[in-house]
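Working notes, structure below.
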Amino acid sequence: MTTTEFPRVTAEPAAEAARSRWNWPVVLLSLLAAAPVVSMIVEVVRSPRLNFLDYWSVLSLASYPTGQYHLAGLFVVYNQHPVVVAGTLFWLDAKFFGGSNHALGALVVVLSLIVVAAMASMLPRRLSPTVRAAALAGFTLLVFSAGNLENFAEGMSGTHWLSGLAPAIVAVALAHRGRTVPALVLGVIACLGHGAAFRCGRRWR
């Protein structure tokens, strides 16, 4: 009579496999990418609730004395830039949030995250997860850097700038994937936001 011995199964290989699933460089780089985002959210919360001077100047272009939306008043150049999209966002902020600088600051955070996501979407797929995580950390450190603090603390400034920049970056990402028509639409929106997509010089004079 023969006996068959079965290999002993222990929990050690399973635990080792679970540990190997954690790519610690990717985890640490992801935490590094999150740090500047969190710091700018804190700055938005700490910023004054009342908007700054340029907000009210553009809002006067975006509204009638009665408070109704005045789209035609936004087809002007303000500080050498179009304000159609920014003025519309300012009017919506005044209507629904009482002209809150915090609301515009939160919008700046969202638009900045869209910019980071659009740039990350254009990274070559052949890159390793660690390299992609490092690039993502670099993007967030760039977009959410201390040099851009004004855009977050003064929501009207960041909203005006990113209402042109964010659509332009997403347009580039779409064109990168061969989606020309939506890229052109977003390019036009970027021109109306801050003139960041195409040269609109003569048209806006």
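The values are calculated or read from the model by the stated rules, or taken from the named source; none is laboratory data. Here the structure is a predicted model, which is why all the values come from computation and not from measurement. Neighbour counts run over all protein chains shown; Cβ positions are idealised from the backbone, glycine included. The area values use the complete protein model at the heavy-atom level, side chains included, leaving out ligands, DNA and RNA. Shrake-Rupley method; radii C 1.70, N 1.55, O 1.52, S 1.80 Å.
For the reader, a short list of remarks on this structure follows.
- A crude spin-label estimate for the pair TRP24 and LEU123, with each label 7 Å from Cα along the Cβ direction, gives 2.1 nm.
- Loop-located chymotrypsin sites (Phe, Trp or Tyr not before Pro) in the range 66-156, at most 16 other Cβ atoms within 10 Å (DSSP): PHE75
- Residues of the chain: accessible area per residue with a 1.4 Å probe, Å²: 61
- Virtual spin-label span in nm between LEU32 and LEU50, 7 Å along Cα→Cβ: 4.2
- In the range 118-160, trypsin sites (Lys or Arg not before Pro) in a DSSP loop with at most 15 other beta-carbon atoms within 10 Å: ARG125, ARG126
- Solvent-accessible area assigned to carbon and sulfur over the chain amounts to 66 percent, based on a 1.4 Å probe.
- Within the range 110-132, backbone nitrogen closer than 13 Å to the virtual label 7 Å beyond the Cα of ARG179 toward Cβ: 118-119, 121-122
- Cα-based helix-to-principal-axis angle, 84-97 vs the chain, degrees rounded to 10: 80
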